[in-house]
Amino acid sequence: MNATDTQEIKSLLLTSDDGYRQLAEQHHQLDDRLHQLAERHYISDNEQIEEHTIKKQKLALKDRMEAMARLYTVTRQTGH
């Protein structure tokens, strides 16, 4: 599967799968918060912990979204 196919599957899932769409929205919200923190010249110890936690959450969401895309691809290929 090439990058175009992957992007098409993600776009399809965004429009057709509520669960995938919710994960993408959560990922986007976390990304926005990371950008807010990055714009600061100094972040507190608590904000550093928050930043680290957000990065882990984003990765977990991305992993779940990728798994959904792979599952979609496999089920589409096998016809189930």
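What follows draws every value from the coordinates through simple rules; no lab data is involved. Everything numeric in this text was worked out from a predicted model, so none of it was measured. Methodologically, a virtual Cβ is constructed for each residue, glycine included, from the backbone with ideal geometry; neighbour enumeration extends over all protein chains shown.
For the reader, a short list of remarks on this structure follows.
- Dipole of the chain, positive direction: furthest Cα of GLN26, LEU61, GLN36, with charges on the beta-carbon: LEU61
- Estimated FRET transfer efficiency when R0 is 30 angstrom, pair GLU25-GLN77 (beta carbons, to 0.05): 0.60
- Taking the C-alpha atoms only, the angle from helix 45-78 to the longest principal axis of the chain is near 0 degrees.
- Between helix 18-38 and the chain: long-axis angle, C-alpha atoms, 0 to 90°, nearest 10: 30
- Under the combined filter of DSSP loop state and at most 13 neighbouring Cβ atoms within 10 Å, segment 1-76 retains these trypsin sites (Lys or Arg not before Pro): ARG40.
- Ratio Rg/Rh [Cα only; Rh per Kirkwood] for the chain: 1.12
- Check: segment 11-80 dipole with +1 on Lys, Arg Cβ and -1 on Asp, Glu Cβ, in debye: 360
- Fully extended contour minus Cα-Cα distance, from GLN36 to SER11, at 0.36 nm per residue: 6.3 nm
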